[in-house]
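A short worksheet on the structure shown next.
The values are calculated or read from the model by the stated rules, or taken from the named source; none is laboratory data. The shown structure was predicted, so the numbers you read here are calculated from the model rather than taken from an experiment. Here the Cβ is made from the backbone with ideal geometry for all residues, glycine too, and neighbour counts use every protein chain on show. What goes into the accessible areas is simple: the full protein's heavy atoms, side chains included, and nothing from ligands, DNA or RNA. Shrake-Rupley method; radii C 1.70, N 1.55, O 1.52, S 1.80 Å.
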Amino acid sequence: MKKTLLTLTALLSTTAFAGGAAAPVAAEGTVTVNGAQVYYKATGSGQPLLLIHGYPLNGELFKNNRMMSGYRVITVDLPGFGKSKLAPGQTVSIENYAQTMVGFMDAMKLDKAVVGGMSMGGMTLLQMYKIAPERFKGLILIDTTAEPAGIAEAAMWRGTAQQAQQKGVASLVDLLMPRMLTGESRMKMPNQVAHLGNLIKQASVEGAVGAGNALASRPDANPVLPTIKVPTLIVAGLEDNVTAPELQMKMNKAIRGSKLVLIPGAGHASTFEKAGAMNAAVANWLRTVR
């Protein structure tokens, strides 16, 4: 493992209750992993639960998923997104994100954790498990897939990267929003559209371009699935038009003992669009993780 430099800022202390339980606290900081600046935010107390966002969002995708009883929920911004920065000259790939996130766990002294990933974050998670399976107590695969990009999908992601380069990251909002949220939510919940739109606008051009191309050339993670030996929850929107329910069912069959939950009325950003249902599914599953 490469040497990891740790820098923490604005870290708040934990107040303990009688009996050893810790009061819910908020914390945030920046970790330097092999030159990349990784911003994180942590809430609550207990066992660590690390959540990794999808493209081209950041950790605030999980703003309504941060309170899980008995868990300290840690959200990160991948390099190039939100408040995180790519290392100079860094090659962007799903495999490199995985190396960075394992390095983040090292720096935060997370020897073993439950880790969840949404979409690109889930692809990153599968590569993390491939290189360091001993680091996981459980996996949460959120609106993601183990499939490599086919010809048409790869062209779509490369086109998205090209648009970010030529027209700016803000131009991706109208392009991606119909993939994030159902039509009903886009019409009736403008606050959701505004929040996700703001997250997209916070991405750097380098991050959006690099990650778009990384999605186009992502590795086939299907061989990883039968090697997974830890409790696994697969959860997704029933109306996800990016990583369809059929892909979730395929992963469910390939991962022995995994649990599948499909959320009605939710699209690709189900963890935000239907946060209550997502939180209930995760909380119920976490009770089975030992």
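Considering the range 64-98, and only residues there that are closer than 17 Å to Ala280 by Cβ and open to solvent by 50 Å² or more (accessible area, probe 1.4 Å), the residue that is farthest from the chain's Cα centre (by Cα) turns out to be Ser69. Please count how many residues of the range 37-66 are touching a residue at least 60 places away in the same chain (Cβ under 8 Å) and closer than 19 Å to Phe272 by Cβ. Counting residues in the range 37-66 that are touching a residue at least 60 places away in the same chain (Cβ under 8 Å) and closer than 19 Å to Phe272 by Cβ gives 17. Does the range 75-82 contain any residue that is out of contact with any strand residue (DSSP E or B) (no Cβ under 7 Å at 6 or more places or on another chain) and acidic (Asp, Glu)? Looking for residues that are out of contact with any strand residue (DSSP E or B) (no Cβ under 7 Å at 6 or more places or on another chain) and acidic (Asp, Glu), one finds none in the range 75-82, hence no. Taking Met177, is it among the hydrophobic types (A, V, I, L, M, F, W, C), open to solvent by 20 Å² or more (accessible area, probe 1.4 Å) and outside any loop (DSSP other than H, G, I, E, B)? Considered against the rule, which asks whether it is among the hydrophobic types (A, V, I, L, M, F, W, C), open to solvent by 20 Å² or more (accessible area, probe 1.4 Å) and outside any loop (DSSP other than H, G, I, E, B), Met177 comes out as no. Just so you know, in the range 129-156 the residues that are out of contact with any strand residue (DSSP E or B) (no Cβ under 7 Å at 6 or more places or on another chain), open to solvent by less than 20 Å² (accessible area, probe 1.4 Å) and not β-branched (Val, Ile, Thr) include one that is nearest to Gly267 (Cα to Cα), and it is Ala146. Residues that are among the polar types (S, T, N, Q), under 17 Å from the mean Cα position of the chain (by Cα) and within 17 Å of Ala149 (Cβ to Cβ) do occur in the range 231-243.
Could you tell me whether Gly237 is in contact with a helix residue (DSSP H, G or I) (Cβ under 8 Å, 6 or more places away or on another chain), surrounded by fewer than 17 Cβ atoms within 10 Å (Cβ to Cβ) and more than 22 Å from Met128 (Cβ to Cβ)? First the steps, then the outcome.
Numbers: in contact with a helix residue (DSSP H, G or I) (Cβ under 8 Å, 6 or more places away or on another chain): yes; surrounded by fewer than 17 Cβ atoms within 10 Å (Cβ to Cβ): no; more than 22 Å from Met128 (Cβ to Cβ): yes.
For Gly237, the condition - in contact with a helix residue (DSSP H, G or I) (Cβ under 8 Å, 6 or more places away or on another chain), surrounded by fewer than 17 Cβ atoms within 10 Å (Cβ to Cβ) and more than 22 Å from Met128 (Cβ to Cβ) - is not met.
Do you know which residues across the range 238-280 are among the aliphatic types (A, V, I, L, M) and assigned to a helix (DSSP H, G or I)? Steps first, answer last, please.
We begin by selecting, within the range 238-280, every residue among the aliphatic types (A, V, I, L, M); these are 238, 242, 244, 247, 249, 251, 254-255, 260-263, 266, 269, 275, 277-278, 280.
Residues satisfying the conditions are Leu247, Met249, Met251, Ala254, Ala275, Ala277, Met278, Ala280.
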